[in-house]
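Only the coordinates and a few stated rules stand behind these numbers; no lab work does. Here the structure is a predicted model, which is why all the values come from computation and not from measurement. A quick note on method: Cβ atoms are made from the backbone with ideal geometry, for glycine too, and the neighbour counts reach across all protein chains shown.
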C-alpha cells in the first residue's frame, strides 16, 4: 500500500503533529509513505489531483492542515472549498482520501485535535484512508 500525505504548512507546528499521527498509523499497517507540502488548505485538492494523475502509483491520500477562524469570512470559504474539493475527488474520481484538515476557532482547539499524547486527528484520518483503500480493492476499483 502506497499513500501520499499532503500537508498544508500554514501552521507548521500543527502540521507536524498531525503528520506524526498519520505516519504512525500508516507505518502500523506497513504502508509506504510519501509526503509533500503545499502553502495552505485550498491547495491540497489540486496537489492530490496532480499526484493521482502522475505515475507514482498511490493507493490513497491523506490531507492534513489547519484552518483557524479569523476576523473575515475567508475562513468559511477556505473550509468549504477545501472540503468540497476533497469530496469531489473522492466521489467523482474515486480516490481514497482521509480528510484531516482541521477547521477550528483557535489554536487551543487545534492542539486538542493533534496532540500525540491524547487524540491525534492525523492518525484517525490515515486510518480512514486505509479503510477506503481496502474498500476500493474489495469492489475492484483501480
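A few remarks follow.
- Relative contact order [Cα under 8 Å, 6+ residues apart], segment 2-138, whole percent: 34 percent
- Among 19, 126, 90, residue whose mean-square fluctuation peaks in a GNM of the chain (springs only between Cα atoms under 10 Å): 90
- Per-residue ellipticity at 222 nm from helix content only, as computed over the chain with -39500 (n - 2.57) for each DSSP H run of at least four residues, stands at -16000 deg cm²/dmol.
- Ordering 91, 5, 36, 23 from the fewest to the most neighbouring beta carbons within 10 Å gives 91, 36, 23, 5.
- Estimated at 0.36 nm per residue, the fully extended path between residue 137 and residue 72 surpasses their Cα-Cα distance by 19.1 nm.
- Placing pseudo-labels 7 Å out from each Cα toward the beta carbon at residue 115 and residue 2 gives an inter-label distance of 3.8 nm.
- Across segment 1-85, the volume of the C-alpha convex hull divided among the residues equals 82 Å³ per residue.
- Debye intensity ratio I(q)/I(0), log10, the chain, q values 0.16, 0.20, 0.22 Å⁻¹ (C-alpha model): -0.76, -1.17, -1.38
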